[in-house]
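The values are calculated or read from the model by the stated rules, or taken from the named source; none is laboratory data. What you see is a predicted model; the values in this text were computed from it and never measured. Here the Cβ is made from the backbone with ideal geometry for all residues, glycine too, and neighbour counts use every protein chain on show. These accessible areas exclude ligands, DNA and RNA; they are computed on the full protein's heavy atoms, side chains included. Shrake-Rupley method; radii C 1.70, N 1.55, O 1.52, S 1.80 Å.
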Amino acid sequence: MKVTMTLSGQDKLARRLGHLQARIERAARGAIQVSAEELRDEAREALERGPATARRPEAMGRRAEESAAVAGSLFVEIDDDGLGARVGTALEAGRDLEFGTRETPARPWLFPTFEQLKPRIGKRLAEAVGKALKQHGPGRGRGRT
Amino acid sequence: MTADSQLAVQSAVLAALQGAPALTALLADGAGGVYDSVPAESAYPYVVIGEATAVPGEADSKDADVMEQTLTLHTWSRYLGLAEAKQIMAAVVAALDQANLSISGHSLVLLRFEFSSTFLDPDGLTRHGVQRFRVITQQTA
């Protein structure tokens, strides 16, 4: 169970802007790292709050235990180039909570969290890249070796 | 607007699925086998409208009256193997993906199949299929 975030299109931009590639990617790496960690933290909060409901009472205690186990197992993996990240869990209980089972209704903790954060993540990436472009400034970099 | 557009989308999706003969022919209870809430002792296989997310367009922007939603559908089957669930899920995609649904009070900007997964339920007997669709609507009323 994991969500993958990948920044694409930066190569096209870099071709146009040449030497700006390194600056843009450096800025994007920071934004991706922060966003992945934010998603992990918010997903953990989603797991830790809310009622543990189930169709059978005995399943409720088990569900609370599963939520706690999944919350403690969340990982963030950053790609080698720093431009992609994965947030998730290796535990099957993560999938059972996200999608539900025959005994217990779904209590999604990952996908809705990602959907809620997506606008903020997009804004963060845009701001980071914009800042890098602004710092570079018009004309800077020309004539340098 | 959020709850209103979510309900309107759910109603349109439910009607589209219940009105898709290629899908209902595969369900134990026909058109009655597409549920919002599953009655006890329902006959397998059946399809359930599941979880939704909704994110409104940014206020004070041109997208202020736009709503981006996702809707998850669940297929439950007791067939020995995943073939039945996969057949049903293909029929769900055929009924919904890029369909031109009529949504009360809203115009449909996009309806797109996004994701599916199938697995064996922890009971060891039931096959569970999950599908997600992305829906973008714009308020008209």
Please give the Cα centre distance for the range B:1-47 versus the range B:59-91, rounded to the nearest Å. 11 Å
How many lysine pairs in the protein assembly as shown, separated by 8 or more positions in sequence or lying on different chains, have Cα atoms less than 26 Å apart? 14
Which percent of the accessible area of chain B is formed by carbon and sulfur heavy atoms (probe 1.4 angstrom)? 52 percent
Heavy atoms only, 1.4 Å probe, whole protein assembly: order A:Glu25, A:Glu115 by accessible area, highest first. A:Glu25, A:Glu115
Long-range amide H partners of B:Tyr35, meaning residues 5 or more apart or on another chain whose placed amide H is closer than 5 Å, are B:Val47, B:Val48, B:Ile49
Cut-off 14 Å, label point 7 angstrom out along Cα-to-Cβ of B:Ala28: give me the residues of the range B:83-105 whose amide nitrogen falls inside. B:85
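Return the value, in Å² to the nearest 100, of accessible area buried between chains A and B (probe 1.4 Å, both sides summed).
Using a 1.4 Å probe, the pair buries roughly 1300 Å².
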Expected max-MSF residue from B:Glu114, B:Glu84, B:Glu58 in the GNM of chain B (alpha carbon, under 10 Å) is B:Glu58
Around B:Gln87: net Lys/Arg minus Asp/Glu count, Cβ-Cβ under 15 Å: +2
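Using only the alpha carbons of the protein assembly as shown, what is the convex hull's orientation-averaged projected area in square nanometres?
18.1 nm²
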Return the distance in nm (one decimal) between the two label points of a simple spin-label model at B:Lys62 and B:Arg112, each offset 7 Å from Cα along Cα→Cβ. 1.9 nm
If B:Arg78, A:Arg63, A:Arg120, A:Arg44 are ordered by their accessible area, calculated over protein heavy atoms with a 1.4 Å probe, which sequence runs from highest to lowest? A:Arg120, B:Arg78, A:Arg44, A:Arg63
Choice from B:Ser42, B:Ser107, B:Ser116 showing the highest fluctuation, given a GNM over chain B with Cα pairs closer than 10 Å: B:Ser42
Run the paramagnetic zone check for B:Leu14: 7 angstrom along Cα to Cβ, then residues of the range B:69-89 with backbone nitrogen under 19 Å. B:69-76
Calculate the radius of gyration of the Cα atoms of the range B:1-50 to one decimal place, then report Dmax, the largest Cα-Cα distance, as a whole number, both in Å. 11.7, 36
Tell me the relative contact order for chain B as a rounded percent, counting alpha carbon contacts under 8 Å between residues six or more apart. 24 percent
Please calculate how many Å² of accessible area the protein assembly as shown carries per residue, with a 1.4 Å probe and no DNA, RNA or ligand atoms counted. 52 Å²
